[in-house]
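> Before I ask anything, let me first share the structure, which is written out below as structure tokens.
The values are calculated or read from the model by the stated rules, or taken from the named source; none is laboratory data. If you're wondering where the values come from, they're calculated on a predicted model, not measured in any experiment. Cβ coordinates were reconstructed from backbone atoms using ideal geometry, including for glycine residues, and neighbour counts include every protein chain displayed.
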């Protein structure tokens, strides 16, 4: 145990170089900074979506529709333009905006019982994610004009009836059911929260696994390259102790960085989602989320943590083997590529494929990859599928111990030094 | 006492036979050298005795310990210095010596004494408190040589101990080896530098193509082959015509 701890200490000191720490801290700080900037921009931005309007009809009806659009409930900041639409569209000083044109004959069409034509332009000056989202509000502007017009038509045709009742005779109550739990809560709010959670967790897990795998394979390769491995192999220390010390040190460093990444990412997501990533925004919403089981309990976090831990350990045990196969530090990155591809597969597929309706083959493929279980752990915990989480952890542990046994075997034999040479000689024999 | 016995040692990597049934013995307190060109099988032999590689055939014993069955015990009586090895760049020289010493011994006073001995041998003075990444090649080699002998191994195995060093650093390394040998430490070294081997070794084996061509003292070999130096002996051995 003493020698194990000495080796772990040495490994950590070798891994924690300024060249490693400084870029990592910079990335984490950058995440936080970007999040803060986005948050500040969102706070300072005037409320409501910007809507430029050219009213060519200038009728009573168009004025009433536009007055209705400016109602605070609609959430538009209407700017009336006197210039023709072509000129408004050409304004370069504006960012992305929506232009609503009410053409001549608007009122006349409604009065004659015909559909009134309106034109809605979505104008792009940049293609950032937030700009794309605000441009999507064009559809909402269209709907608002339509509803406003319908209300006026109903009010004039059926003055004795409540226009709101005629237009919305149903009073929908929105419920969301997750597993067996049912709560009265708007689906839009639940989705917003869930999307932020399903984005945040996998990204952090992905980074943690990738980072730790790179650490351990680089550690093995640089020991081989510097011949410090030969010195260790000829010293009175157990070969298994060597393997476990490398795994433990890389896991410890990776966990430190993962925690820091998590903090930076959380700050980023808070900025992007306006706080929804950290917590539901109101007490009633929090109560609804708790009722649905969407607020993960400490026990749930423990399960997710265990699954992530074993995913990292699996990556470490595989990467140590890949490190043995690499020739030098330069080729170590290439040697880690297969692991990276498998990791990408298990990260991307669950994001875009509904696993319930997926084919059996795809399900088996994803289940065989030990990292998938960590990516799916948060949603399985939320959905109450604890048996799946535990099953995944047991499988991950089995994979980890199998690869560690293989790595220990390679280290305890001369293979750790000769495996590459043997492969080269075999290849030469096949292609003389 | 016999420090090392190598009997018909063979090492193959697939079809490639790097060492072909070599035999030699080293007595305690002796400096024994394997000398030969690059690719002769010197490093493979040393790595095998250092328990890094496994013999394909033959038998090796170190102070009576069998390499095949007692490799762990062998590791506690040997110390190995690979050719052109590096050290942990982010440790200071002193921390490196302490780390390595702690793999060989538990007791603090024993450990501190070894580190102090290694520090003195290295001749690096105040530079020992600096990170190894700031060291020159010569400084690193001196640190590694000190590391190899600071735990007073019964058999020190040095692969090309002066390879890549300038004249002054190589001279210092040779002087250190000679003075430790006088104190009774057994050395097995490899080199392709015949003059170095002549200066350092008590006995030597000339090795080429995985085979030992001759084994004796330098003076006996020169006399046998009527040569002025070891280079001439080597040339006559490999090119008899």
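> Just give me the residues in segment B:96-111 being facing another protein chain (nearest Cβ under 8 Å) and buried (at least 17 other Cβ atoms within 10 Å of the Cβ), in sequence order.
Hits for segment B:96-111 are B:99, B:100, B:102, B:103, B:104.
> Among A:55, A:49, which is modelled with pLDDT of 90 or more and surrounded by 16 or more Cβ atoms within 10 Å (Cβ to Cβ)?
The conditions single out A:55.
> From A:385, A:360, A:428, grab the single residue that is more than 14 Å from chain B (Cβ to nearest Cβ) and loosely packed, with under 13 Cβ neighbours inside 10 Å.
A:360 is the lone residue from the list that is more than 14 Å from chain B (Cβ to nearest Cβ) and loosely packed, with under 13 Cβ neighbours inside 10 Å.
> Only one residue in A:322, A:316 is surrounded by 17 or more Cβ atoms within 10 Å (Cβ to Cβ) and more than 18 Å from residue A:421 (Cβ to Cβ). Which one?
The unique qualifying residue is A:316.
> I need a count of the residues in segment B:75-95 that are under 20 Å from the mean Cα position of the chain (by Cα) and either part of a loop (DSSP other than H, G, I, E, B) or more than 9 Å from chain A (Cβ to nearest Cβ) (or both).
Of the residues in segment B:75-95, 8 are under 20 Å from the mean Cα position of the chain (by Cα) and either part of a loop (DSSP other than H, G, I, E, B) or more than 9 Å from chain A (Cβ to nearest Cβ) (or both).
> Hey, another quick one. Sort out which residues of segment A:68-90 are at pLDDT below 85 and out of contact with any strand residue (DSSP E or B) (no Cβ under 8 Å at 6 or more places or on another chain), and write them in order of number.
Correct list: A:68, A:71, A:72, A:73, A:74, A:90.
> Working carefully through the options A:394, A:399, find the one that is loosely packed, with under 13 Cβ neighbours inside 10 Å and modelled with pLDDT of 90 or more.
Just a single option satisfies the conditions, and that option is A:394.
> Hey, another quick one. Return a yes/no flag: does segment B:112-133 have any residue that is farther than 21 Å from residue B:161 by Cα, within 13 Å of chain A (Cβ to nearest Cβ) and either out of contact with any helix residue (DSSP H, G or I) (no Cβ under 6 Å at 6 or more places or on another chain) or in contact (Cβ under 8 Å) with a residue 40 or more places away in the chain (or both).
yes
> Given the options B:53, B:67, name the one that is at pLDDT 90 or above, buried (at least 19 other Cβ atoms within 10 Å of the Cβ) and either within 7 Å of chain A (Cβ to nearest Cβ) or farther than 29 Å from residue B:111 by Cα (or both).
Sole residue among the options that is at pLDDT 90 or above, buried (at least 19 other Cβ atoms within 10 Å of the Cβ) and either within 7 Å of chain A (Cβ to nearest Cβ) or farther than 29 Å from residue B:111 by Cα (or both): B:53.
Yes/no matrix, rows are residues, columns are (1) closer than 16 Å to residue B:81 by Cβ; (2) modelled with pLDDT of 90 or more:
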site: B:130; (1), (2): no, yes
site: B:158; (1), (2): yes, yes
site: B:198; (1), (2): no, no
site: B:205; (1), (2): no, yes
site: B:220; (1), (2): no, yes
site: B:241; (1), (2): no, no
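> Just give me the residues in segment B:7-21 being in contact with a helix residue (DSSP H, G or I) (Cβ under 7 Å, 6 or more places away or on another chain) and either more than 14 Å from chain A (Cβ to nearest Cβ) or assigned to a strand (DSSP E or B) (or both), in sequence order.
B:9, B:11, B:13, B:16, B:18, B:19
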